[in-house]
Amino acid sequence: MRLLALVTGFCVLTVACGDDSGSETYEARIVRTEFGIPHVTATNFGSLGFGNGYAYAEDNFCVLMKEIVRANGQSARYFGEDEGSVNQDFLYTFINTDEYIEGQFRDSQTEDLQSALRGYAAGINKYLQDTGVDNLPEGDEGCRGADWVREIADTDVYRVYRKLLVRAGHGPLARFIVAAEAPTEAMASLAPPLALESLPFDRSDFGLPTTEEMGSNMYAIGSEASQTGYGILLGNPHFPWSGPLRWSIAHLTIPGEFDIMGAALQGIAIVAIGFNANVAWSHTVSTGERFTLYEVTLVENDPMKYIYDDEERDILANEVTIQVKLEDGTIEERTEVIYSTHFGPVIDLTPISEAVGGWPTLAGTLMTFRDANIDNTRAIDQFFAMNKAQSVDELQAALGTFVALPWVNTTATDRDGNAFYGDVTTVPHVTVEKLEDCDDSPYATLISSLAGLTTLNGSRSDCEWGSDEDAPVPGLFGPGNLPQLRNRTYVANSNDSYWLSNPDEPLEGFSPLIGRERVEQSMRTRQAFLQAEERLAGTDGLGDPGFTVELVQELMFGNRNITEEMTRTDVLTICDGVGDWSEGACPTDDGDVAYSQNPTDAATACTILRSWDGRFNNDSVGASIWNEFWPRFCRGRGPCAEDVWAVPFDADDPVNTPRMLNVADPNVVETVKCALGAGVDFLVDGGIPLDRPWGQVQFRRAGDTDIPIHGGGDLFMFNAVDTSFVEGEGYTQFDNGASYIQTVTFDETECPDAYALLSYSLSSDPASDHYSDMTEELYSPKVWRRMPFCPEDVEAAKISEIVVTNP
């Protein structure tokens, strides 16, 4: 067995693995309760981090180890070009240098945080010492015997943090950064600018995170909407079911000083979404922009200089070398030059369109960008302060002090019944006036229009980001210019902008870089508000008006589908009007086809839809038909084009509009027939009986067990699950969706009344007892378990206990 000695030897051959955490003394108590949930207790932050790291490693060591490889720019070195990413390796080698991580990122943290992260790394290493490389987990996310397993340093944890922080900026732009190559000859003569229609690209080509990948829902209920008078919170992030964006659960306690429970992303040593005795909060991905593109004018005949006001500034060249494992196992060194202006890296957009790519572009310019999170060293402190907050007041103050959340909205509630929403995040300080004045460079308007990415004139100093006096650093909006709402009724967010966090209290007048106002909302957002308003009125059939934690749970797992509620009657009427499903002329890439290639099945689908319960529950028959029909009907038309609806969108009634299919329009009627027929064909050709219950079509396979999974697609479901179809099985590849789910309220006791689960369970190790237990026993049957929080409750629920020490 290769144990620590060999691992440590390997560390010496690669990046530095050690810090002084190995010489520090740590001691932590880890109690495991039902479903393996760890409750870590220590007397200081170093030991608390140590216990947290050890407990986390017991469940997900290999997931973190893979992410550390990536954050160090070594994925192609160890995983090869197919599983690794050469472009990402160049980027993270470039930005995650020892000089920056040790000298700026780590040194800017408080001593308590530095101690906690040193302890966390030591806890990870202690687990590796105790387990040995050859006894680590196997499976898709395993690392048994892997040559990239090693001891880690606290600097590895900081690198993982920084990689996460730039997920909406540098990260997805890596391929454009690496693509930038300085010209070897003098600038060519400029070609005339291209027309707008000759630039066929959009925002999706930039690879930025989407709501399908990282959506979410959240409610914060205040005292006036709560039947008990206490605040109630629902947190429901939609994140990947595997990899580094999986959540883990932990309860971290220093008696009398610190006590927090909730979820953290893999390798993140403090709680990101959670609760304590007096306050609870959650996050959703915000619509705010985290970077702006800048278009600079190059100096004629010198493409390594650009114009900035009356100056000529140099473009800096930074040589970066990585290692790549080839197919035969040999290691090859590769070197690229990453170029930078004073804004940030130079990018070449040629990978998406030659029309706006090149050095220089056809307009004699060059694209570069500035990222609001590249030097965001405040984010860990931000979450640490939120962990310590004991009220909505304190949590809101923490948000305003740091303004460091990289890309998420916040809702919160507390024991006193305050409800809060805020998009208090890192947003470039670009006002409406600056936006209008500074989009005058050759490609700015085109890129902004086609991709929705703010592009400014980088050759003018007055187009630099502005600043607010209350901002923690220059270049960002301060809390006074960021949307926030406090009330005692409720707030909610499902990934649309700040405009509607409560339909009765719209937030308006903010920079468009934060989000859009008075625009049509997504179906998921409308569902969130619709069911909340019905609950307040008591018209949803769930009893007296107002919320309880149990009623919030019912809304979470009710699996209503707003598109079905608005349109099924019309769809069935159209179904009844089809005499022969083998007729029709539906346009496809291969020419026109009939409504359905399986006309008998298409007619049967109409009958099934008529008796469907309208839900996406495990026993719902007909959900699979709607699941294939609606995206075909709507996705290719926008979100649905305006002509689909009989009642158009009304900015003064955004929850209830648009609605009702425009059945008077023959094109809409034909689109319904074509979409329904194509959906039926997909299911029939894929081997799925149309009358198969939803939980037998959408399920997670864990060993020999198929676990039914309720919920549906992000396009039309509040309880969203994003899956891929496997022919002959169904929707069995789970990509993203409901992940960590918490409902929290308070009562007359000192203990929070909290319920939480992980849809995919705690451990990524297929051999673990906690690989699928929460999925099978909680998530699938819609069962909620109370989380033990107060010491006596933890003791009563204790299943196992260990004390871990170092040395």
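Side notes on the structure shown:
- Residue list for the range 719-730, filter: under 21 Å from the mean Cα position of the chain (by Cα) and not aliphatic (A, V, I, L, M): 719, 722, 723, 724
- Looking only at the range 461-488, residues that are touching an Asp or Glu at 6+ places or on another chain (Cβ under 7 Å), more than 17 Å from residue 514 (Cα to Cα) and surrounded by 17 or more Cβ atoms within 10 Å (Cβ to Cβ) come to 2 in all.
- Search result, residues across the range 112-151 that are of a type in the set (D, E, K, R) and farther than 16 Å from residue 26 by Cα: 134, 138, 140, 141, 144, 147, 150, 151
- Scanning the range 165-214 for residues that are touching a strand residue (DSSP E or B) at 6+ places or on another chain (Cβ under 7 Å), surrounded by 14 or more Cβ atoms within 10 Å (Cβ to Cβ) and modelled with pLDDT of 90 or more returns 166, 169, 170, 173, 176, 177, 178, 180.
- The range 226-247 - residue that is over 19 Å from the mean Cα position of the chain (by Cα) and surrounded by 22 or more Cβ atoms within 10 Å (Cβ to Cβ) and, of those, nearest to residue 714 (Cα to Cα): 233
- Boolean, residue 471 is over 19 Å from residue 403 (Cβ atoms) and small (Gly, Ala, Ser): no
- Taking each residue of the range 717-731 that is touching a residue at least 40 places away in the same chain (Cβ under 8 Å) and not assigned by TED's automatic domain parsing to the domain that holds residue 495 and looking for partners that are surrounded by fewer than 23 Cβ atoms within 10 Å (Cβ to Cβ) and part of a loop (DSSP other than H, G, I, E, B) with beta-carbon atoms closer than 6 Å, six or more apart or interchain, yields 719/559; 727/686; 728/687; 730/688.
- Selection count where residues are under 20 Å from residue 760 (Cα atoms), hydrophobic (A, V, I, L, M, F, W, C) and crowded, with 24+ Cβ neighbours inside 10 Å, scope the range 33-47: 1
- Counting only helices (runs of 4 or more DSSP H) that sit completely within the range 588-703, those holding 2 or more residues that are more than 27 Å from the chain's Cα centre (by Cα), assigned by TED's automatic domain parsing to the domain that holds residue 574 and among the hydrophobic types (A, V, I, L, M, F, W, C) correspond to 599-611, 666-685.
- One residue alone among 551, 542 is assigned to a loop (DSSP other than H, G, I, E, B) and of a type in the set (A, V, I, L, M), and that residue is 542.
- Checklist (1) closer than 30 Å to residue 159 by Cβ; (2) part of a helix (DSSP H, G or I) applied to residue 376, failing item: (2)
- Cβ pairs under 8 Å, 6+ apart, first in the range 278-298 and under 21 Å from residue 740 (Cα atoms) and not assigned by TED's automatic domain parsing to the domain that holds residue 442, second at pLDDT below 95 and crowded, with 24+ Cβ neighbours inside 10 Å: 284/215; 285/215
- Residue that is of a type in the set (D, E, K, R) and at pLDDT below 95, where the choices are 327, 289, 300, 224: 300
- Residues in the range 277-287 that are buried (at least 24 other Cβ atoms within 10 Å of the Cβ) and over 16 Å from the mean Cα position of the chain (by Cα): 3 in all.
- Some residue of the range 477-492 being within 30 Å of residue 545 (Cα to Cα), more than 23 Å from the chain's Cα centre (by Cα) and without any contact (Cβ under 8 Å) to a residue 40 or more places away in the chain: no
- Here residue 361 does not fit the description of being farther than 19 Å from residue 88 by Cα, modelled with pLDDT of 95 or more and part of a loop (DSSP other than H, G, I, E, B).
- Number of positions in the range 338-352 that are small (Gly, Ala, Ser) and surrounded by fewer than 19 Cβ atoms within 10 Å (Cβ to Cβ): 1
- Set 82, 89: member being surrounded by 20 or more Cβ atoms within 10 Å (Cβ to Cβ) and more than 26 Å from residue 48 (Cβ to Cβ): 89
- Scan the range 404-422 for residues that are crowded, with 24+ Cβ neighbours inside 10 Å and under 23 Å from residue 369 (Cβ atoms) and the total you get is 3.
- Within the option set 685, 706, 735, 681, being modelled with pLDDT under 95 and either within 26 Å of residue 639 (Cβ to Cβ) or surrounded by fewer than 23 Cβ atoms within 10 Å (Cβ to Cβ) (or both) holds for one residue only, 735.
- Among the residues of the range 447-456, those that are surrounded by fewer than 20 Cβ atoms within 10 Å (Cβ to Cβ) and either part of a strand (DSSP E or B) or of a type in the set (A, V, I, L, M, F, W, C) (or both) comprise 450, 453.
- Screening the candidates 401, 368, 425 for the property of being under 21 Å from residue 272 (Cβ atoms), crowded, with 19+ Cβ neighbours inside 10 Å and touching a residue at least 24 places away in the same chain (Cβ under 8 Å) yields one hit, 425.
- In the range 770-784, of all residues being in a loop (DSSP other than H, G, I, E, B) and touching a helix residue (DSSP H, G or I) at 6+ places or on another chain (Cβ under 6 Å), the one that is nearest to residue 243 (Cα to Cα) corresponds to 770.
- Where residue 412 falls short, out of the listed (1) outside any helix (DSSP H, G or I); (2) out of contact with any Gly (no Cβ under 9 Å at 6 or more places or on another chain); (3) under 21 Å from residue 234 (Cβ atoms): (2)
The values are calculated or read from the model by the stated rules, or taken from the named source; none is laboratory data. Every value quoted in this text rests on a predicted model; they were computed, and no experiment measured them. Backbone-built Cβ (ideal geometry, glycine too); neighbour counts: all protein chains shown.
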